[in-house]
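K.L.:
After the structure tokens below, expect a handful of questions from me.
Coordinate-derived values only; no laboratory data. Here the structure is a predicted model, which is why all the values come from computation and not from measurement.
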Amino acid sequence: MASQWERLLKNQGLWVGSFTQMSPTGDILQDISTEVALIPLGQGQ
């Protein structure tokens, strides 16, 4: 069985998305673009 760390490492790379803030009625108040990089160091250790 793969460890949690091994499963996380399968998702390495650059992820592009956004965080969206919405009002209680569902209107978009703010949309913030984001990039997250998962880059293992030291041979994934």
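K.L.:
Given 0.36 nm per residue, what is the gain on full extension from Asp27 to Gln12 after removing their alpha carbon distance, in nm? The partial results should precede the final answer.
P.N.:
On the way: separation 15, 0.36 × 15 = 5.40 nm, distance 3.30 nm.
Extra length available between Asp27 and Gln12 comes to 2.1 nm.
K.L.:
For the chain, what does the relative contact order come out to in percent, with C-alpha contacts under 8 Å and a separation of six or more?
P.N.:
39 percent
K.L.:
What does the chain give for Rg and for Dmax, in Å, if only its C-alpha atoms count?
P.N.:
According to the Cα coordinates of the chain, Rg and Dmax are 16.0, 47 Å.
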